[in-house]
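As structure tokens, the structure follows; a few thoughts come after it.
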Amino acid sequence: MPDIRQLVPGQCYRVVRAFTDHDGGQHPVGETWVFEDSKFVPYHDGLTLHVSVHGMPQIYRLQWLPEEQGALIEHFTDYVVTC
């Protein structure tokens with residue numbers, strides 16, 4: 001199972017526990033995407049995942065704070081697995 005710090009570019013991932021990203025985007029169980037890259041901005045505790053969904057680039061923004069997506073980031077393998 002993937003650790004968010006060890007996502008592999010070009011690898012397919014599948015959501016197994018629904019979550020909401022920082023922008024309010026819903027990511028339901030069964031959603032799949034291909035990981036491309038990630039960026040972390042420590043000043044804002046921001047983590048951006050660059051992925052591809054059906055060949056279209058997408059950006060999933062997360063915030064590493066307890067009241068935001070902290071639990072998702074810290075327990076990523078509970079939410080997302082490799083395809």
Query raised in the report: Which of the residues belonging to the stretch 58-83 are open to solvent by 30 Å² or more (accessible area, probe 1.4 Å) and among the polar types (S, T, N, Q)?
Result: 58, 63, 77, 82
Report summary line: Wholly inside the stretch 1-53, strands (runs of 3 or more DSSP E) that include 1 or more residues that are under 20 Å from residue 65 (Cα atoms) and open to solvent by 70 Å² or more (accessible area, probe 1.4 Å) are 32-41
Query - Number of the condition not met by residue 35 [criteria: (1) on the phi > 0 side of the Ramachandran plot; (2) modelled with pLDDT of 95 or more] - result: (1)
Query raised in the report: In the stretch 55-81, which residues are at pLDDT 90 or above and part of a strand (DSSP E or B)?
Result: 56, 57, 58, 59, 60, 61, 62, 80, 81
Query raised in the report: With (1) under 17 Å from residue 81 (Cβ atoms); (2) out of contact with any Asp or Glu (no Cβ under 9 Å at 6 or more places or on another chain); (3) not polar (S, T, N, Q) as the list, and residue 60 as the residue in question, which single condition is left unmet?
Result: (2)
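The values are calculated or read from the model by the stated rules, or taken from the named source; none is laboratory data. Because the structure is a prediction, the values reported are computed rather than measured. Cβ coordinates were reconstructed from backbone atoms using ideal geometry, including for glycine residues, and neighbour counts include every protein chain displayed. The protein model used for the area step is the full one, side chains on, heavy atoms only, and it has no ligands, DNA or RNA in it. Shrake-Rupley method; radii C 1.70, N 1.55, O 1.52, S 1.80 Å.
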